[in-house]
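Visitor: Before I ask anything, here is the structure I am working with.
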Amino acid sequence: MKEGQEKTGVVTLRSLLEKQNRTKLAVVLGAAAMILLLLSELLPTNAVKAPVLAPADETAYREQLEEQLQELIEQIDGAGTTTVMITLESGEETVYATDTQSGQTQSQETHVLLEDGTALAQTIYLPQVCGAAVVCDGGGDIRVAAQITELVRALLDLSANRIVVAQRRS
């Protein structure tokens, strides 16, 4: 260092960037980065657990679908009195908005919280329908069964092998 700097104890950026002091600068920056990483691990996070859809909500969703399908199928000529049963493959899934903070070696994601402390839902996926069974008065008629199968396929995006249409017993 220069004589004037030694007296005041001030080190300028230019003197740190000199060839002989570059390793000192690298060590100081590395130590500062490690301290920041340690501090970030010690700070509390506001992570929120994703609430799981209660079985009652899944049941209500399934029953609503069954009721709507039943009302629609009963309007098909020849279907008659109808009962519909639907099975769900999975429950509702909620994807929450996250705030990502990235560093050179680490990134941290936290949920975006609303004023009341709940997480901000970005996307909600409804339960997936696995199959459908329809029992109706006209289920024995091939034309009626085909119309019902096509209707259920179009509404629920199911393949025909996941839909059963049967004749109601007399």
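Visitor: What's the total number of residues in segment 119-154 that are out of contact with any strand residue (DSSP E or B) (no Cβ under 9 Å at 6 or more places or on another chain) and within 23 Å of Ser90 (Cβ to Cβ)?
Guide: 1
Visitor: Follow-up. Just wondering, is there one or more residues in segment 20-39 that are farther than 30 Å from Ala166 by Cβ, modelled with pLDDT under 75, of a type in the set (Lys, Arg) and assigned to a helix (DSSP H, G or I)?
Guide: So far as segment 20-39 goes, yes, one or more of its residues are farther than 30 Å from Ala166 by Cβ, modelled with pLDDT under 75, of a type in the set (Lys, Arg) and assigned to a helix (DSSP H, G or I).
Visitor: Quick one: Ala119 ticks every box in (1) closer than 25 Å to Arg62 by Cβ; (2) buried (at least 17 other Cβ atoms within 10 Å of the Cβ); (3) in contact (Cβ under 8 Å) with a residue 40 or more places away in the chain except a single one, so which number is it?
Guide: The number of the failed condition is (1).
Visitor: Look at segment 55-113 and say how many of its residues are of a type in the set (D, E, K, R), modelled with pLDDT under 90 and within 30 Å of Val144 (Cβ to Cβ).
Guide: Count: 1.
Visitor: So is Glu66 of a type outside the set (A, V, I, L, M, F, W, C), assigned by TED's automatic domain parsing to the domain that holds Ile142 and within 27 Å of Ile142 (Cα to Cα) or not?
Guide: Judged against the criteria, Glu66 is a match.
The values are calculated or read from the model by the stated rules, or taken from the named source; none is laboratory data. Here the structure is a predicted model, which is why all the values come from computation and not from measurement. Here the Cβ is made from the backbone with ideal geometry for all residues, glycine too, and neighbour counts use every protein chain on show.
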